[in-house]
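Read through the structure below, which is laid out as structure tokens, and then see the notes.
The values are calculated or read from the model by the stated rules, or taken from the named source; none is laboratory data. Given the structure is predicted, the values throughout are model-derived calculations rather than measurements. Cβ sites come from the backbone with ideal geometry, for glycine too, and all protein chains shown count toward neighbours. To get the accessible areas, we keep the full protein, side chains included, count just its heavy atoms, and leave off ligands, DNA and RNA. Shrake-Rupley method; radii C 1.70, N 1.55, O 1.52, S 1.80 Å.
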Amino acid sequence: MNLRYPVYSPYLNGREKALVIDCLDSTWISSKGKYVGQFEDTFASWLGAQEAITVSNGTVALHVALAALGIGPGDEVLVPSLTYIASANAVKYTGADVVLVDSERTYWQMDIEDAERGITSRTKAIMVVHVYGQATDMDAVMALAKKHSLYVIEDCAEAIGTRHGSAHVGTIGDIGCFSFFGNKTITTGEGGMVVTNNAELAKKVRHLRSQGVSSEREYWHDAIGFNYRMTNLCAAIGCAQMESINDLIAKKLQISEWYRQGLAGLPVQVHSTRPGTVHSYWMVSIVVDDPCERDALRAGLRGDGIETRPVFYPLHQMEMYAAPGENFPIAEDISRRGINLPSYPALMRDDITVICDSVRKFLARKELKLEPVLEAKT
Ligand SMILES: *Cc1c(COP(=O)(O)O)cnc(C)c1O
């Protein structure tokens, strides 16, 4: 079926094509070339971080960040169960163990009280994930990390434009990781960035990203590193995206407001924003009051040409991350009832009206269907 409204579609109407052609004309198409450094510098200053290091995707950003912090076998890292699989996979790549944490009811982020219950003598770090663009409670995270001497890794793959107070997320913990996959708020096709205010940590990330090559001697390697470099082609797209980044973020906030207005009064709740933070609404998400309605509503919308996504399945429900004897009731409940709506920057007010009307039509139809059942009871 041809979908009228996909969940996502990247915005590529700026200088992306011109800068990619410039790479091709210059023959600098792999990871050397001017756009790599330019993208790092522009991103760091836009974000307010001392250092930004490009990498080939968001998953390896997390892996190299953990490796640079020295996380490895025998260590435990706290990760929210309600996240994309890459957050936990990156921990496993280091040989460390993942300890899953439940979510908060209203904001869906890691529940810091539940995180504290998961701390053992082996816990080395806490990986917060600002899921769907909502900020985690970083005051609580930093206090917990200080109390137990833990590193803080921020998975900001979904949080470009998200702020806690005036600080951009990713600059609050020890190290922050971004993704520029095609459906993220800015994209380079595939790509990622590691940010930190710690110069020594930045040096380790650069070293590990590039095969652990010695800074003193050519073709001499003093660590087992990785080839996690970004290409100049991707960085060129990133430089062009940076020219639109503020407009893209503003548009997403506008879209979330349009949805909030359009869905007012219906038995669904739009993901609300934690006070004192900026939610960047990577994906505008709703929860339906009744979990039994969720899949039927998604099917109804699909029939009207509107693509949606179910909110992430909690990681503990997948075999690799099963946590027998542990309970994650909030993550499970949000996952059962949550839907991501079309959230791409080209959506206009009329599009949102069409989508909200479809939600309303479907929920009203369902209420009508209930009536005979109620009558039969009397
Ligand atoms: C997209 C995403 C990643 C991984 O990024 P890739 O660039 O796709 O490797 C990691 N964590 C979260 C929460 C994500 O949404």
* Structure fact -> Exception for Ala167 within (1) over 27 Å from Asn340 (Cβ atoms); (2) surrounded by fewer than 17 Cβ atoms within 10 Å (Cβ to Cβ) falls at (1)
* Total residues in the stretch 64-79, condition away from the ligand (no atom under 13 Å from the Cβ) and touching a strand residue (DSSP E or B) at 6+ places or on another chain (Cβ under 6 Å) -> 6
* Asked: Mind checking which residues of the stretch 80-107 are open to solvent by 10 Å² or more (accessible area, probe 1.4 Å), within 13 Å of the ligand (Cβ to nearest atom) and assigned to a loop (DSSP other than H, G, I, E, B)?
  -> Tyr84
* **Enumeration of residues in the stretch 337-373 that are at pLDDT 95 or above and hydrophobic (A, V, I, L, M, F, W, C)** => Ile339, Leu341, Ala346, Leu347, Met348, Ile352, Val354, Ile355, Cys356, Val359
* Just wondering, is there one or more residues in the stretch 214-221 that are open to solvent by less than 70 Å² (accessible area, probe 1.4 Å), at pLDDT 95 or above and outside any strand (DSSP E or B)? -> no
* Structure fact -> By residue number, the members of the stretch 176-202 that are hydrophobic (A, V, I, L, M, F, W, C) and either at positive phi or within 9 Å of the ligand (Cβ to nearest atom) (or both) are Cys177, Phe178, Phe180, Phe181
* Structure fact -> Among the residues of the stretch 171-192, the number that are over 11 Å from the mean Cα position of the chain (by Cα), over 22 Å from Ala115 (Cα atoms) and either among the hydrophobic types (A, V, I, L, M, F, W, C) or outside any loop (DSSP other than H, G, I, E, B) (or both) is 3
* Please specify each residue of the stretch 116-170 satisfying the condition of being over 25 Å from Ala52 (Cβ atoms), of a type in the set (A, V, I, L, M), part of a helix (DSSP H, G or I) and touching an Asp or Glu at 6+ places or on another chain (Cβ under 9 Å). => Ala140, Leu144
* Mind checking which residues of the stretch 1-27 are open to solvent by 40 Å² or more (accessible area, probe 1.4 Å) and charged (D, E, K, R)? -> Arg4, Arg15, Lys17, Asp22, Asp25
* To do: Give the stretch 194-221 a look and list any residue that's of a type in the set (A, V, I, L, M) and touching a Leu at 6+ places or on another chain (Cβ under 9 Å), or say none.
  => Val194, Val195, Leu201
* Does the stretch 271-306 hold any residues that are closer than 19 Å to Tyr344 by Cβ and more than 16 Å from the ligand (Cβ to nearest atom), and which are they? -> Ile286, Arg298, Leu301, Arg302, Asp304, Gly305, Ile306
* Asked: What do you reckon, is Thr136 within 16 Å of the ligand (Cβ to nearest atom), among the hydroxyl-bearing types (Ser, Thr, Tyr), closer than 19 Å to Tyr281 by Cα and surrounded by fewer than 24 Cβ atoms within 10 Å (Cβ to Cβ)?
  -> no
